[in-house]
């Protein structure tokens, strides 16, 4: 009970009524159910199942003594390492002065929306935190309509349609690929077309490439190749380096956007000051060229690619609409074609679907409406991550043998969870 001496309760209207991020909430609920003795298949939070590469972990041990505040923009050696990474992998030229390191790319995205005065433009579906960040800050949000035929992603045509009526409006487009929640990526021709529209309307483009290292064919191409002057690249250690809890992200700016970097750095200096020193020193090795790291990534891609492809095939076989994933951890099945039989079970929307699935099978997923889809839609995001990644990597030295038997032996819980989901949907 509030005491009489307590301050009056006044919550910012933008925040009032908001809940905890959906991915954090489902992870907490899974933990609570497991404490009750339930066998829960944790396909809700998209946390990498793989260990941090040993060379990066060793670097953290070696630099644990580093205790000083670092520069707001980040450790110079790390920024140079990131510059080298993008020159080596994308053929892009940047200055270390135009790199901003932060405590996770999520925090940097918030600072970007806070600092840049423009409407947010994202496709439906999109990662769960883009839209809430816009709401907290008070930015206007535009959802781009998407189609199954184009991977539920951004198209140049739809982007053009929302810009032409107000061509001078400042806009921030977030292009995330490989995509969370769909696993899609974009061809060079698609990227070129999107870049052409972005340039015409001077759209600020944030390329969220946190899953770039996990593109299954190993051929991720940044849209910054086609729209360098208007693109900020977002990356970090959480997904392709298995270090989500380390909380290190980085924004890579072209010289033409250095004014925005400087403004964000001012805000950073008054908020997080600088990112953890030992983590920054360790991250230098993560962005440096190393044969051991390349083998690690090759095996991660092979395991995740095989697992996601197997799950995709089985969901398609029972009649769900599912985009074939091209990278990352995720599938985004839509069970609208099976609505009639789900309604017979008393299931009429995505939230109810996920609740019943969790209660009756122990499989935890997130409903599509958390990602900007209609509440009535029978869609969900599946994060194929509930398995022992260290064990799978140890067994994946011959990536040509990532077959069904391998997946059943080393990614057992995800395979079982997909079995349970398919059985739940098709059971009379």
Any idea how many residues of region 112-122 are in a helix (DSSP H, G or I) and touching a residue at least 60 places away in the same chain (Cβ under 8 Å)?
-> 3
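Rundown of residues vs (1) modelled with pLDDT under 95; (2) within 27 Å of residue 135 (Cβ to Cβ), yes/no style:
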{"site": "4", "(1), (2)": "yes, no"}
{"site": "12", "(1), (2)": "yes, yes"}
{"site": "34", "(1), (2)": "yes, no"}
{"site": "39", "(1), (2)": "yes, no"}
{"site": "64", "(1), (2)": "no, no"}
{"site": "79", "(1), (2)": "no, no"}
{"site": "88", "(1), (2)": "no, no"}
{"site": "96", "(1), (2)": "no, no"}
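Determine which member of the set 167, 125 is over 25 Å from residue 270 (Cβ atoms), in the same structural domain as residue 189 (by TED's automatic domain parsing), in contact with a strand residue (DSSP E or B) (Cβ under 9 Å, 6 or more places away or on another chain) and touching a residue at least 24 places away in the same chain (Cβ under 8 Å).
Numbers: 167 fails: in contact with a strand residue (DSSP E or B) (Cβ under 9 Å, 6 or more places away or on another chain).
Just a single option satisfies the conditions, and that option is 125.
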So which residues in region 358-405 are more than 29 Å from residue 51 (Cβ to Cβ) and more than 23 Å from the chain's Cα centre (by Cα), if there are any at all?
-> 359, 360, 376
Checking residue 355 against (1) touching a strand residue (DSSP E or B) at 6+ places or on another chain (Cβ under 9 Å); (2) part of a helix (DSSP H, G or I); (3) in contact (Cβ under 8 Å) with a residue 60 or more places away in the chain, the condition it does not meet = (3)
Positions within region 250-283 being within 23 Å of residue 87 (Cβ to Cβ) and in a loop (DSSP other than H, G, I, E, B), in sequence order | 253, 254, 275
Is one or more of the residues making up region 286-296 in contact with a helix residue (DSSP H, G or I) (Cβ under 7 Å, 6 or more places away or on another chain), farther than 29 Å from residue 386 by Cβ and not in a loop (DSSP other than H, G, I, E, B)?
-> no
Working only within region 334-351, note down all residues that are over 16 Å from residue 149 (Cβ atoms) and either within 27 Å of the chain's Cα centre (by Cα) or assigned to a strand (DSSP E or B) (or both).
-> 335, 349, 350, 351
Scanning region 324-352 residue by residue, the ones that are buried (at least 24 other Cβ atoms within 10 Å of the Cβ) and at pLDDT below 95 total 1
Counting just the residues of region 6-32 that are under 19 Å from residue 361 (Cα atoms) and in contact (Cβ under 8 Å) with a residue 12 or more places away in the chain, which one comes out surrounded by the most Cβ atoms within 10 Å (Cβ to Cβ)?
-> 26
At least 1 residues that are surrounded by fewer than 18 Cβ atoms within 10 Å (Cβ to Cβ) and touching a helix residue (DSSP H, G or I) at 6+ places or on another chain (Cβ under 7 Å) in each: list the strands (runs of 3 or more DSSP E) lying fully within region 133-249 that qualify.
-> 141-144
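The values are calculated or read from the model by the stated rules, or taken from the named source; none is laboratory data. Predicted model only: the values in this text are computed from it and were never measured. Positions of Cβ are generated from backbone atoms using ideal geometry, with glycine treated the same way; all protein chains shown enter the neighbour counts.
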